[in-house]
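Take a look at the structure set out below.
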Amino acid sequence: PATRGTTARVRGWQSRRLQIEGTLFKKVEFEVSREFGDATEPERDAFANVRFDRAFELRAGQFKMPFGHDALKSGNSLDFVYRSLIGRTIAPGRDLGVMAHGRLKRRLTYQAGVFQGDGDNGRTSQTRGGRNALAGRLLLSPFATSTTPALAALQIGGAIVSSDLADSLGLRGRTVFGEGVFFDRV
């Protein structure tokens with residue numbers, strides 16, 4: 001019985017995160033977070049963001065690459081308990097980089113950055129993933145100022161990520177049955 005209780009307490013800490021956020025001089029925001037249950041990549045985010053104005057901000061450090069809407073939302077803002085399977089597997093994840101981002105007239109949100117790799121979702125124990133990734137994302141809210149809630153909530157977006165992939169790395173894939181290398185030298 002004592003062993004079961006200890007195991008339950010340990011499992012409870014597997015999803016714990018320590019996060020520190022702050023703002024300096026009303027222009028520089030920073031965040032550092034650490035996952036306690038992830039031994040392979042415990043450092044999640046560590047970045048600084050400089051806000052020049054709402055239309056132009058610069059972010060540098062390790063953070064989520066701009067791609068999927070689902071992947072970029074915080075856990076508190078999700079519509080469901082978990083992120084979608086497609087959002088977890090296709091989105092590149094986090095990497096070191098520099099990104100310009102902002103919002104123009106409440107209708108257009110943009111994110112564009114240069115990253116060291118192609119995100120932590122592009123790597124497995126068998127592949128190293130790509131390098132020198134360029135990532136961009138646009139989100140258009142054509143009826144953002146509408147008084148009709150259904151129209152005001154409408155958003156249309158697109159994203160792209162491109163990186164160099166060495167021939168010897170193989171191609172990573174993940175299904176509901178697990179992950180692995182689909183092709184060994186493409």
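Residues being open to solvent by 60 Å² or more (accessible area, probe 1.4 Å) and at pLDDT 90 or above: count how many of those fall in region 53-88.
The qualifying residues number 4.
So, in region 89-111, exactly how many residues are hydroxyl-bearing (Ser, Thr, Tyr) and at pLDDT 90 or above?
2
Could you check, for region 114-127, whether at least one of its residues is closer than 25 Å to Leu151 by Cβ, aromatic (Phe, Trp, Tyr), open to solvent by less than 60 Å² (accessible area, probe 1.4 Å) and at pLDDT 75 or above? Don't jump to the end; show me each part of the working.
The initial filter retains those residues of region 114-127 that are closer than 25 Å to Leu151 by Cβ, namely none.
Among the residues of region 114-127, not one is closer than 25 Å to Leu151 by Cβ, aromatic (Phe, Trp, Tyr), open to solvent by less than 60 Å² (accessible area, probe 1.4 Å) and at pLDDT 75 or above, which makes the answer no.
The values are calculated or read from the model by the stated rules, or taken from the named source; none is laboratory data. What you are looking at is a predicted structure, and each value in this text was computed from that prediction instead of being measured. A quick note on method: Cβ atoms are made from the backbone with ideal geometry, for glycine too, and the neighbour counts reach across all protein chains shown. Note: accessible area is taken over every heavy atom of the protein model, side chains too, but ligands, DNA and RNA are not part of it. Shrake-Rupley method; radii C 1.70, N 1.55, O 1.52, S 1.80 Å.
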